[in-house]
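In what follows, a structure is listed as structure tokens, so that the remarks can point back to it.
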Amino acid sequence: MKRNIILVCLMLIASGVYAQWEWHNPLDNGTNQGSVIQNQGWNEDGGNYCRLPLRAKAKVRKKVWSLAGESAGLAIRFKTDAKEVKVKYKTTGNYSMPHMPATGVSGVDLYRNADRGFCFGSYSFGDSVRYNYQIDRGNLSSGEQEYTLYLPLYNGVKAMEIGIPEGSKFSFIPRITKKPIVLYGTSIAQGACASRPGMAWGNIVNRSLEIPLINLGFSGNGKLEKEVLDLINEQEACVYIIDCMANLGDYDVEQIKKLVKQAILQIREKHDTPILLVEHAGYSNGTTNQKQYETYSHTNKGQAEAYKELKKAGIKEIYYLSREELAYDPDAWVDYVHPSDVGMMRQAAAVEKKLRKMIK
């Protein structure tokens with residue numbers, strides 16, 4: 001009897017704690033205004049956290065499709081007057097990698113939109129991932145405020161919910177539909193090895209320019225493939241960024257030149273939108289390892305020659321961002337090729353400077 005009374009009390013306490021929170025599922029947002037998943041190019045499959053549409057599974061390589069299930073660049077915007085926000089979700093893969101922490105691979109990042117203020121959240125990685133944000137400082141803490149929540153860079157997301165104290169106001173903000181920046185690239189574009197999602201260079205550019213950015217960085221599999229470019233051509237972008245050189249080290253100069261020219265001409269069949277070609281930023285040990293130096297030098301040579309030939313042929317609105325403009329130094333990398341947060345900021349600044357000249 002005594003045991004039963006204790007169990008009932010515990011159940012009442014637990015239900016009381018749970019009742020203090022309201023939980024909101026971004027895939028069941030109740031707004032009747034369509035998707036609330038920001039920076040997602042396709043949302044034709046009933047709501048998900050995938051970067052390509054389901055029909056792409058039959059068109060792209062198996063590895064590309066697997067990487068498309070990782071939520072790099074995706075974000076959720078919402079409005080609330082709550083002083084505390086909780087996020088909980090499950091992932092499809094391991095939480096961390098040897099060269100990239102769990103906070104970057106599998107974590108989330110919350111920013112207040114009015115001042116781009118970073119909201120640090122205490123976090124735990126167990127059976128599910130949980131973040132708890134305390135937001136209570138200054139005038140911008142009163143009334144409803146808009147926030148952006150960036151999703152994991154190298155993991156898939158499932159069963160996500162956002163919690164606020166019971167009685168607080170909360171609403172999702174529908175997906176922004178103005179013409180996006182479309183980024184096609186490598187692991188560096190996907191976000192390796194940022195310490196947290198907000199520090200991926202594409203997400204930095206997204207915040208700074210306040211333009212949707214569709215991240216199609218596919219780790220080691222961004223290789224200027226026709227099937228992926230066909231999908232990219234479905235997007236009416238304001239700019240296309242091609243940043244695949246770090247994945248083409250095994251190709252010779254002529255192969256690279258051919259691939260780049262084919263990619264640009266494939267886009268030009270559908271769009272006259274500006275295209276930015278980005279060089280390989282190099283390797284951290286390029287000054288001490290001849291093979292590494294030669295690898296990034298010949299990939300960049302192939303792309304540069306393609307760019308010159310395309311310009312000479314009269315192809316308009318193509319732009320170029322060189323390794324020298326990216327201006328990495330040896331401390332801007334985590335390992336031999338993946339940028340640290342310092343490298344991410346360097347890349348974001350260089351890309352943004354170029355985009356501001358390109359975007360009308």
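Worth a mention:
- One residue stands out among those in the range 253-294 that are open to solvent by 90 Å² or more (accessible area, probe 1.4 Å) and β-branched (Val, Ile, Thr): the one that is nearest to the chain's Cα centre (by Cα), which is 287.
- Strands (runs of 3 or more DSSP E) fully within the range 17-120 counting 3 or more residues that are more than 27 Å from residue 223 (Cα to Cα), out of contact with any helix residue (DSSP H, G or I) (no Cβ under 9 Å at 6 or more places or on another chain) and open to solvent by less than 60 Å² (accessible area, probe 1.4 Å): 21-24, 84-91
- Residues of the range 131-172 that are within 29 Å of residue 65 (Cβ to Cβ) and either modelled with pLDDT under 95 or surrounded by fewer than 20 Cβ atoms within 10 Å (Cβ to Cβ) (or both): 158, 159, 161.
- On the stretch given as the range 183-206, residues that are more than 10 Å from the chain's Cα centre (by Cα), under 14 Å from residue 221 (Cβ atoms) and either at pLDDT below 95 or not hydrophobic (A, V, I, L, M, F, W, C) (or both) total 4.
- Any chance residue 124 is in contact (Cβ under 8 Å) with a residue 24 or more places away in the chain, hydroxyl-bearing (Ser, Thr, Tyr) and out of contact with any His (no Cβ under 9 Å at 6 or more places or on another chain): no
- Subset tally (residues that are assigned to a strand (DSSP E or B) and either surrounded by fewer than 24 Cβ atoms within 10 Å (Cβ to Cβ) or touching a Cys at 6+ places or on another chain (Cβ under 8 Å) (or both)) for the range 243-252: 0
The values are calculated or read from the model by the stated rules, or taken from the named source; none is laboratory data. No experiment lies behind these values; they were computed from the predicted model shown. We place every Cβ from the backbone using ideal geometry, glycine too, and count neighbours over all the protein chains shown. Accessible surface is based on the protein model in full, side chains and every heavy atom, while ligands, DNA and RNA are left aside. Shrake-Rupley method; radii C 1.70, N 1.55, O 1.52, S 1.80 Å.
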